[in-house]
1. Working only within the range 4-52, note down all residues that are in contact with a strand residue (DSSP E or B) (Cβ under 6 Å, 6 or more places away or on another chain), within 15 Å of ligand 1 (Cβ to nearest atom) and part of a loop (DSSP other than H, G, I, E, B).
2. Given the options V139, V86, V101, name the one that is in a helix (DSSP H, G or I) and at pLDDT 95 or above.
3. Part of a loop (DSSP other than H, G, I, E, B), modelled with pLDDT of 95 or more and away from ligand 2 (no atom under 14 Å from the Cβ): does that describe A161?
4. Among the listed residues R6, R50, identify the single one that is at pLDDT below 95 and either under 30 Å from C186 (Cβ atoms) or within 16 Å of ligand 2 (Cβ to nearest atom) (or both).
5. Scan the range 16-36 and report the pairs whose first residue is buried (at least 21 other Cβ atoms within 10 Å of the Cβ) and whose second residue is part of a helix (DSSP H, G or I), with Cβ atoms within less than 7 Å and a gap of 6+ or a chain change.
6. Could you tell me whether any residue of the range 66-88 is in contact (Cβ under 8 Å) with a residue 40 or more places away in the chain and within 16 Å of ligand 1 (Cβ to nearest atom)?
Amino acid sequence: MTADDRSGGRLEVIAGPMFAGKTEELVRRVHRAQVARRGVLVVAHELDTRSGPGRVASHSGLEMPSRSVRDAEEIPGLVAEGTELVAVDEAQFFGPDLVGVVTALADTGLVVVVAGLSVTFDGRAFAPLPELMSVAESVTKLTAVCAVCGRDAAFHVRLEATPADDDALAPTSGHVGGSESYEARCRQHRAG
Ligand code: ADP
Ligand code: MG
């Protein structure tokens, strides 16, 4: 590969709390690359069980075929001849090894788009997103909608499940972030 072949390489990070639209944005960028007839590889982690193996899926039902891997080191082996864009969803599942792997891929000239949680349910920085954000060409930090007040939510919380709460936690409960047992919250409503 010549230096010119490598010149298009870049790392794009899409970060935020749950429900922020990270997967939707990842799928949008992959779709645009497909429209441009670029070879794409979409990677999910085996631990990502929302859509089952072989798909990435958003909370709103957008889906896209993907390859599931157990760890970051498996990703380079999936990059076929002609691949120009590699998309990785739920980056937080991969741990710190992802940083070196996606950096090496971008160094070879690939566009690498990585989406993941930048914050834990108790409001702490979630590795490896902070490190990925620091070495990326572009960072898109998204917010969700606070399930309590509707303001921008940079956080999500885990709802404590008690038997009495079972109905409130059901996907049909009407909570703004009603699926699973997490809710997007703004700064004011993240505690209580
Ligand atoms: P992420 O990957 O960041 O968790 P997704 O792309 O899977 O987010 O889902 C985003 C979609 O989730 C939104 O377009 C909307 O339809 C839905 N949604 C459900 N609850 C919320 C919320 N509290 N804030 C924003 N979007 C929400
Ligand atoms: Mg997602």
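1. Once the filter is applied, which keeps residues that are in contact with a strand residue (DSSP E or B) (Cβ under 6 Å, 6 or more places away or on another chain), within 15 Å of ligand 1 (Cβ to nearest atom) and part of a loop (DSSP other than H, G, I, E, B), the range 4-52 yields P17, M18, F19, A20, R50, S51.
2. V101
3. no
4. Step by step, each of R6, R50 is checked, and only R50 is at pLDDT below 95 and either under 30 Å from C186 (Cβ atoms) or within 16 Å of ligand 2 (Cβ to nearest atom) (or both).
5. Cβ pairs passing all conditions: G16/K22.
6. Yes, the conditions are met somewhere in the range 66-88.
The values are calculated or read from the model by the stated rules, or taken from the named source; none is laboratory data. In this text the structure is predicted, and so the values were computed from the model without any measurement. No Cβ is skipped: glycine too gets one built from the backbone with ideal geometry, and neighbour counts run over all protein chains shown.
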